[in-house]
Amino acid sequence: MKATAEELGRWLAAELPSGFELGVATAAFQIEGAVHDAGRGPSGWDAFTAGPGNILNGDTADIACDHFHRVAEDVALMKDLGIDAYRFSIAWPRIVPDGAGAANPRGLDFYDHLVDALLAAGIKPMATLYHWDTPLPLEQAGGWLNRATAERFGDYASLVGGRLGDRVDKWVTINEPATVTLNGYGLGVHAPGKSLLFDALPTAHHQLLAHGFAVQALRSAGVSGGVGITNVHSPVVPADPDNLEDVAYAGLFDILHNRIFADPVLLGHYPQVPELVADMFAPLLDVPAADLAAISAPLDFYGLNYYAPTRVGAGAGGGENPDGSAPAMAQLPFHLADWPEYPSTGFGWPVAPAHFGTALAQMRDRYGSALPPVYITENGASFEDSLSPDGAVHDSRRVEYLVQHLSAALDAVKPGGRAEGLDLRGYYAWSLLDNFEWAAGYSQRFGLVHVDFDTLARTPKDSFRMFQALARERS
Ligand code: FCB
């Protein structure tokens, strides 16, 4: 007989080191809805979702999970889940609707209440300052192509730090700058929908600079919590390891996806790039030393998101990106190849927990003692879920995904493990709720809690029961 979700959670609980932090993660734009409430201004993502054909089925995030009006219910769910910490994001356009100037007090009030509700429930708040919702006026002025956006981000960080700095336990400045640069500005499948390919690279530097300014702003505001950044890491392998071209393009993709975002933060410089492509990386290779100093300010922790590995082959191929159709992809000299040997998630991403260990081992090998304590700030999987006649949601593939991945990460950092020595302090499942999954709209469900997008009713899935047993049965 197969183990139940609770049994798996109990089994995994015995593997957790003491003090290991367990949490769940969400992002403002994906769950809040209420896009016109309490003085919120529009974001680049509101504009992008309104554009024809940008989002699957024409979905918008206008209501999403209506979390803005259901905070009490959602915090109660988390209390029942028994987690230590909750990672949420603050919507920049709620705090600075025009992109510059004074804070909107009603926007700050919302997060102030959320933080208090979490603390009252015994849950530590981890606040992300930027999970992709740029205020529209800034996006229209060039968004992350414009260096001034980084300065405005620093101003915003100081407003939020001033108000919440006494209670937030951890601050994440920016979530996955790689996704914003590659999907948003490079391929056009995310907001702002620009297909600039390599000309998108200034947006990498400006986001990292924004991170640096935010670190300074938070610390000047005297925040009591730790400060870090979250990057998404994906080990990259060549389609054919014996084919030199595949190997070269896999190396290039590793630079683009992983290294240009982690190296400057942790090592204080951009990675070396092959001579042949140096021109394309020019915007990153000649940046002021003061920028790099700000970007590499020591952090209290490093947030790592892991979903899947990437396989890269030479030659253009397909315009299909799991996140939407990207015709611009066909102009690149390489393509993302399939993983027929692994089962896949609803998104078509390979379920490959062993590569999670590889990602952690790469972090340890590349950054060594420059790497602060690491938290897995996101990991999870989308599958088609449905309510069963018994009223439950039997999401056994998600249960398996989460158990296999957390256990692979724990194994990797154990004595004798592939990433031994990496100081892994916690794990946040993506996500608490099914939500608005960017270009895929509501088609991809990642939640531990099922959301009926007609009635907004929340139903904990079996994965919730697994995580609850994991949280409760720790010694
Ligand atoms: C990550 C994002 C998060 C969510 C998951 C599935 O890249 O940070 O918002 O969309 O993927």
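The values are calculated or read from the model by the stated rules, or taken from the named source; none is laboratory data. Not measured: the values here are computed from a predicted model. A quick note on method: Cβ atoms are made from the backbone with ideal geometry, for glycine too, and the neighbour counts reach across all protein chains shown. Side chains included, ligands, DNA and RNA excluded: accessible areas come from the protein's heavy atoms. Shrake-Rupley method; radii C 1.70, N 1.55, O 1.52, S 1.80 Å.
Quick notes on this structure:
- Summarised as an ellipsoid, the chain has semi-axes of 30, 27, 23 Å, derived from the eigenvalues of the Cα gyration tensor scaled by 5 and square-rooted, with the largest first.
- Cβ-Cβ distance of residue 76 and residue 2, R₀ of 45 Å, FRET efficiency by 1/(1 + (r/R0)^6): the value works out to about 0.90.
- Ligands, DNA and RNA left out, the accessible area of region 5-472 computed with a 1.4 Å probe is 52% carbon and sulfur.
- Counting only Cβ charges, +1 for Lys and Arg and -1 for Asp and Glu, the dipole size of the chain around its Cα centre is about 980 debye.
- Entry note, the chain: relative contact order of 20 percent, from Cα contacts under 8 Å with a spacing of 6+ residues.
- Estimated inter-spin distance, residue 414 and residue 14, nm [label 7 Å along Cα→Cβ]: 1.2
- Probe 1.4 Å, accessible area per residue of region 314-422, Å²: 42
- Vicinal HN-Hα couplings computed from phi for region 281-297 (Karplus, 6.51 cos²θ - 1.76 cosθ + 1.60; Hz; Gly/Pro x): 8, 3, x, 9, 8, 10, 10, x, 4, 5, 5, 5, 5, 5, 5, 9, 4
- For region 201-261, the solvent-accessible area with a 1.4 angstrom probe is 31 square angstrom per residue.
- Computed E for residue 244/residue 425 - FRET, C-beta separation, R0 45 angstrom, nearest 0.05: 0.70
- Note on residue 475 and residue 396: their simple-model spin labels are 3.1 nm apart, each label 7 Å out from Cα toward Cβ.
- Other-chain or far-sequence residues with amide H under 5 Å of residue 86's (modelled H): 124, 126
- Stretchable slack from residue 316 to residue 219, in nm (0.36 nm times residue separation minus alpha-carbon distance): 30.4 nm
- Length gained on full extension, residue 69 to residue 166, computed as 0.36 nm times the residue gap minus the Cα-Cα distance: 32.5 nm.
- Classification of region 88-156 by its C-alpha gyration tensor yields a prolate form. The axis ratio a/c (a ≥ b ≥ c) is 1.5 or more, and a/b outweighs b/c.
- Residue-averaged [θ]222 nm for the chain, counting only DSSP H segments that reach four residues, each worth -39500 (n - 2.57): -10500 deg cm²/dmol
- Based on protein heavy atoms only, region 37-143 ends up with 34 Å² per residue of surface accessible to a 1.4 Å probe.
- DSSP finds beta bridges in region 5-472, and of those with both partners inside it, around 25 percent are antiparallel.
- Whichever lysines have a C-alpha closer than 26 Å to that of residue 2, once near sequence neighbours (fewer than 8 apart) are set aside: 461
- FRET efficiency for the residue 38 to residue 452 pair, using the beta carbon distance and R₀ = 35 Å, is estimated at 0.90.
- Working from label points 7 Å from Cα in the Cα-to-Cβ sense, the residue 109 to residue 50 distance is 2.6 nm.
- Across region 272-428, the relative contact order, built from alpha-carbon pairs under 8 Å that are at least six residues apart, equals 23 percent.
- Residues of type aspartates and glutamates that residue 79 reaches as a straight line, Cα spacing below 16 Å, ignoring anything fewer than 8 places off in the same chain: 21, 116, 473
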